[in-house]
């Protein structure tokens, strides 16, 4: 084979190789993504199970109370504010829509059902994710990259039991309570805009609220809140705990990206879970 | 020799394609201070993280008291780890906890001691590490040196049998470096634990170490005493020790031991004339009392002042000096005899008694963690030698001739 023939062959082989890579790229990327997703799902499941098992160790109560204060009590003000304005907007929009059909008497039904069944659990979960979830990821992530978690392990303090379990339990306690607060303040917000500002009948509003809400609506809302609590706590803790293993960055940048991922992923999963849970509870 | 407390047998560790430890074998013995030296990034921290179980070897075995770690059941492993403490290079203090809470954490979480007992033990360690004024402060509110001491207090609060120190002096000034090393040596003597240090503070670590392990190109190339390391012939010595060990010791500004020997060989051993030289050995006595009364930093300041004074008198007449131990110095006066040396020493003693000892005391008190009475003395010995003979016997002879020449008393 002459040198020119060799060069021609090499160029052709290279061209075929590039074409092959181009054609297989979508499959390779999808495959890698799928494998990574399965890995993370497996790891997250084990992470959650171990953290749940370690809830029952001694000396957990004070840590759980601290976390309930941080995740729950400290989020109360922002939840009240968001729920008030959500209820008010709902009251305002619904009143103007209902008045066209002369059905402004159903304002209480619309506001109460929208809030208790959907908006209450979902918006509460998203607000806690933004306020407490991001902080959990950042805090655990910093503890990881500054070797504080390794320090716990060297002191024979179980890092999952010490850092993660109390946060999961505190989320499961806080989410339904904050959802209930959201629902109540939201209904009050609907009253403020619909009745006090737009002139709907106050008696009809509260009668409709009471008449349309069933116990199942409330319990379904709480079930959703618990599901969202597990999702938010798991995603935020997992992202922080494994911030040092991110492939896209290291150090402080990894903590920043982990926090962003935690918030985005939590919000997306909340909405997906909302659809699934609603379908199952119907 | 006894069964090693910790033994590595052909341990290999890789991170991806990079081999960090390659068939490393080593022994660490109980009750000793063992220091692992090597260049930055050589894998020293990786090596000691295997001991405490933070990392697992890819190949090879790690034995504790002759039993492989991987064959231990959970209870045995827990019992092993219960006796170990680890002081991280960057301290790994919990920044959301106060100094007191950081030190108390291992006792609160891993023991069933009552609050009063925990408080007693924590305050003991806090006072021993001179952190009394900082107990309610957060790590971000205290200096780097104090953070090191908090990490040290936390590592010692559980009364461990083995303490691993990962570069305990990194980022410290020379006085604090030596103060921390002095503190480790003192606690090791007092509590009898086995200390394993990772350091590249050469030669400072020699003064406190019983054994040195040299990590070079992924392998342990030397295990032995600091004295044996001086006679060790290997590229490690040229590449690592000479690059880490400055020509002068950082704290005292005197020659390092190696440079001292180089100067001795260059100036005296090659000289075929029969001129003699004199060796003076100085010892600061009572440093333990200074540490107890004023703290480690004050003691290191006293050592630094002492070296300045020695250099002032003996350096001016062509002498060269080095630090020989924690509180010991040696000086060579080339081409001198004992009579000339005694004249120079007389001036030194007069200066030392007149101004020097007061200076040392005043400077030490400035660095003191707490006010107190300080009492110490200096012993000096002289011996004459011939270049044809070795210097070691002359140094020993000077040490035997030592007598007290000055003393600072509390009432003076």
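I'd like the full set of residues that are surrounded by fewer than 23 Cβ atoms within 10 Å (Cβ to Cβ) and over 16 Å from residue B:91 (Cα atoms), limited to segment B:168-181.
B:173, B:174, B:175
Just checking: which of the strands (runs of 3 or more DSSP E) contained wholly in segment B:157-243 hold 3 or more residues that are in contact with a helix residue (DSSP H, G or I) (Cβ under 8 Å, 6 or more places away or on another chain)?
Once the strands (runs of 3 or more DSSP E) in segment B:157-243 are filtered for at least 3 residues that are in contact with a helix residue (DSSP H, G or I) (Cβ under 8 Å, 6 or more places away or on another chain), what remains is B:162-166, B:194-199, B:211-216.
Kindly indicate whether any position in segment A:120-141 is part of a helix (DSSP H, G or I), within 14 Å of another protein chain (Cβ to nearest Cβ) and touching a strand residue (DSSP E or B) at 6+ places or on another chain (Cβ under 8 Å).
Step one: of segment A:120-141, the residues part of a helix (DSSP H, G or I) are A:120-141.
Next cut, within 14 Å of another protein chain (Cβ to nearest Cβ) only: A:135-136, A:138-141.
Filter again for touching a strand residue (DSSP E or B) at 6+ places or on another chain (Cβ under 8 Å), leaving none.
So far as segment A:120-141 goes, no, none of its residues is part of a helix (DSSP H, G or I), within 14 Å of another protein chain (Cβ to nearest Cβ) and touching a strand residue (DSSP E or B) at 6+ places or on another chain (Cβ under 8 Å).
Show the residue pairs meeting these rules: Cβ distance below 9 Å; 6+ apart or different chains; first residue within segment B:284-301 and on the phi > 0 side of the Ramachandran plot and not assigned by TED's automatic domain parsing to the domain that holds residue B:353; second residue surrounded by fewer than 24 Cβ atoms within 10 Å (Cβ to Cβ) and in a helix (DSSP H, G or I).
Close Cβ pairs satisfying both conditions: none exist.
Starting from segment A:156-178, take each residue that is closer than 24 Å to residue B:94 by Cβ and list its partners that are not in a helix (DSSP H, G or I), counting only C-beta distances under 8 angstrom and pairs at least six apart or across chains.
Listed pairs, sorted by first residue: A:158/A:57; A:161/A:57; A:161/A:60; A:165/A:57; A:165/A:60; A:166/A:60; A:169/A:60.
What's the number of the only condition in (1) away from every other protein chain (no Cβ under 14 Å); (2) outside any loop (DSSP other than H, G, I, E, B) that residue A:62 fails to meet?
Just one mismatch for residue A:62, condition (1).
Residue check: is residue B:359 over 26 Å from residue B:182 (Cα atoms) and assigned to a helix (DSSP H, G or I)? Walk me through it before giving the result.
Details: over 26 Å from residue B:182 (Cα atoms): no; assigned to a helix (DSSP H, G or I): yes.
No.
Within segment B:30-102, which strands (runs of 3 or more DSSP E) (wholly inside it) include 3 or more residues that are crowded, with 17+ Cβ neighbours inside 10 Å and within 14 Å of chain A (Cβ to nearest Cβ)?
Numbers: elements: B:33-37, B:59-64, B:84-87.
By residue number, B:84-87.
Taking segment B:103-127 as the region of interest, how many residues are under 29 Å from the mean Cα position of the chain (by Cα) and within 11 Å of chain A (Cβ to nearest Cβ)?
Taking segment B:103-127 first, the residues under 29 Å from the mean Cα position of the chain (by Cα) are B:103-107, B:120-127.
Next cut, within 11 Å of chain A (Cβ to nearest Cβ) only: B:105-107.
Going through segment B:103-127 one residue at a time, the tally reaches 3.
Test residue B:135 against the stated conditions and say whether it is within 14 Å of chain A (Cβ to nearest Cβ), touching a helix residue (DSSP H, G or I) at 6+ places or on another chain (Cβ under 9 Å) and surrounded by fewer than 21 Cβ atoms within 10 Å (Cβ to Cβ). Spell out how you get there, then give the answer.
On the way: within 14 Å of chain A (Cβ to nearest Cβ): no; touching a helix residue (DSSP H, G or I) at 6+ places or on another chain (Cβ under 9 Å): yes; surrounded by fewer than 21 Cβ atoms within 10 Å (Cβ to Cβ): yes.
Criteria not met by residue B:135.
Among (1) in the same structural domain as residue B:161 (by TED's automatic domain parsing); (2) modelled with pLDDT under 90, which single condition is residue B:1 missing?
Every listed condition holds for residue B:1 apart from (1).
The values are calculated or read from the model by the stated rules, or taken from the named source; none is laboratory data. Fair warning: this is a prediction, and the values are worked out from it, not measured in the lab. All Cβ positions, even for glycine, are placed from backbone atoms using ideal geometry, and neighbour counts span all protein chains on display.
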